[in-house]
1. Looking at the chain, send over the antiparallel percent of its DSSP beta bridges, to the nearest 5.
2. Report the Rg/Rh value for the stretch 100-218, based on alpha-carbon coordinates and the Kirkwood definition of Rh.
3. Please give the length that would be gained between E13 and S188 if that part of the chain were fully extended, namely 0.36 nm times their separation in residues minus their C-alpha to C-alpha distance (nm, one decimal).
4. For the chain, rounded, prolate or oblate, judged on the Cα gyration tensor with a ≥ b ≥ c (square roots of eigenvalues), a/c < 1.5 rounded, else prolate if a/b > b/c?
5. Restricting to lysine pairs 8 or more places apart or on different chains, what number in the chain have Cα atoms under 28 Å apart?
6. Applying a 10 Å radius around every beta-carbon, put 128-134, 192-198 in order of their mean neighbour count, most first.
7. Using helices alone, I'd like the mean residue ellipticity at 222 nm for the chain: each DSSP H run of four-plus residues gives -39500 (n - 2.57), total over residue count, nearest 500.
8. May I ask you to derive the relative contact order of the chain, considering only C-alpha pairs under 8 Å and at least 6 residues apart, and to give it as an integer percent?
Amino acid sequence: MCQRFSLAADLPELTERYRIDQVVGSYRPRYNVAPTQYAAVIVEEQRERKLESLRWGLMPYWSRDAVNADGPGIGDRPIFKRMTNKQRCVIPVSGFYGWETKGRARQPIHFVLKGRGTFAVPGFYEVWPRVEGGDIRAYTMLTTLPNDMVGPYSDRMPAILDDEGIDAWLNETNTEYRGVLGRIRGISADEMMMYPVGAYVNERERETPECVEPIRNFYSAIRE
């Protein structure tokens, strides 16, 4: 599963890259996003693209698909078909984490695109009303089987959308999930690079740029 990701881009970069019309609330780069935390996603409402903060993890959170949903398997779940028909979103991501485990040691690995640019992960969201008023808007991201680079460290990895796929995925006039599922693809190992990062990532609340900085092998929790 994809359990942590980063979004290190600044706001001007995101608004230009994804043609954002409105930023709802405040935005700051994130270096270690964990489930149940809020992070920036892109939605389209009344033909206007909005960048807003949603909770990562559908409710109930203990559900197997709360954080990651199997992209090709959406058609097998009626609730997912309903959300994919109308409540799609795009999660901008700079990189995601996996872990190498040897004995009791766990070494976090950061996976990024070559060139370090952001990429668009397809997702969908749901809205739950609060008893005390207001509502909770929460999302899950779609995943695929890992490529050869990610496979040794995780059994799933985020799916990706190209530029045309982003437009189709967010387009409100596409109200049938079968019409947009074909836009989802995996990320090949040739498009990516990986490197070890510090153990800061193991702490859910750690949110500093050091989380995404590569470390020398000497400082790795697992040394060859």
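1. Of the beta bridges lying entirely in the chain, close to 85 percent run antiparallel.
2. 1.04
3. 60.6 nm
4. prolate
5. Count of close lysine pairs: 4.
6. Order by mean packing, descending: 192-198, 128-134.
7. Helices in the chain give a 222 nm mean residue ellipticity of -3000 deg cm²/dmol.
8. 22
The values are calculated or read from the model by the stated rules, or taken from the named source; none is laboratory data. These figures come from a predicted structure and were not determined experimentally. For neighbour counting, all protein chains shown are included, and Cβ atoms are generated from backbone atoms with ideal geometry for every residue, glycine included. For accessibility, only protein heavy atoms count, side chains too; no ligands or nucleic acids. Shrake-Rupley method; radii C 1.70, N 1.55, O 1.52, S 1.80 Å.
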